[in-house]
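Structure first, commentary second.
Throughout, read-outs are computed from the coordinates displayed, never taken from laboratory work. All values reported here derive from a predicted model rather than from experimental measurement. Heads up, the Cβs are rebuilt from the backbone with ideal geometry, glycines too, and the neighbour counts pull from every protein chain shown.
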Amino acid sequence: MIGIGLLVIRVVIGLSFVGHGAQKLFGWFGGHGLKGTGDWFDSIGMRPGITMALFAGLSELIGGALFALGLLTPFAGILIALTMLVAIVKVHGANGYWATQNGYEYNLAVLAVAIGIALTGAGPYSLDSFLF
């Protein structure tokens, strides 16, 4: 049952991050695309905005896909965790803890999941388990 639990966590978090990356890169799922996200990154001091949006989008898309598949899971977890750490520092940290106040509650929860799975492994229902 532990393997199924890890699979559920990986797939939900991983595919959510694929979606977040697609929002930033392609404007899918209600996102603003690279230009819109880049402009917003510029507005919060993350320059050059388009380059930073590209890095964030790729980290989310690639990290999420790898995480969901359980492939190179420690690397995938690091990509997701770093993205959340930047979100806490640059966007949500000053707003306090609770997400209802645009705080870092959600980001910290995802950060903990990403690090936890990166440290424990993806479980038996993963490409890591199959390949390595």
Full-extension gain in nm, Phe26 to Leu131, via 0.36 nm per residue minus C-alpha separation: 34.7 nm
20 Å cut-off, amide nitrogen to a point 7 angstrom out along Lys35 Cα→Cβ, residues in segment 58-92: 58
MRE, 222 nm, helices only [DSSP H, n ≥ 4, -39500 (n - 2.57), over the chain, to nearest 500]: -23000 deg cm²/dmol
Net charge of Cβ neighbours under 12 Å - reference Gly36; Lys, Arg +1; Asp, Glu -1: 0
Local electrostatic count, Leu66, Cβ distance below 13 Å [Lys/Arg +1, Asp/Glu -1]: -1
